[in-house]
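Values quoted throughout were computed directly from the atomic coordinates according to the rules given, and no laboratory measurement underlies them. None of these values were measured; they are calculated from a predicted model.
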Amino acid sequence: MTNDAVAREKIDMTRALYAARKSARLVAIDTREFPLPAARPLNSVLDNSKLISTFGVRLTDWEEQLRGCVAELTPEIVGAQ
């Protein structure tokens, strides 16, 4: 999942909260266009195997976590959709 996709999902999920306001405009850029202080791998996927084996906890999908967070903060808006 790209940072661009995460940002777009956040904006889409919160757009209903601020319908009267202008929405943010995102312009996707390539990682090479944004200077970072440290080298980053092209594909860095979080390995949750130790969390699962140690605590038996399985993380849910980031979209599900984002929906839960928005729902907790604004139950009346998310419930209406």
- Identify which of the listed values of Rg/Rh (Cα atoms, Kirkwood Rh) was calculated from the structure shown: (1) 0.94; (2) 1.01; (3) 1.06. (3)
- Item | Segment residue 66-residue 34, length gained on full extension (0.36 nm per residue, minus Cα span) | 9.0 nm
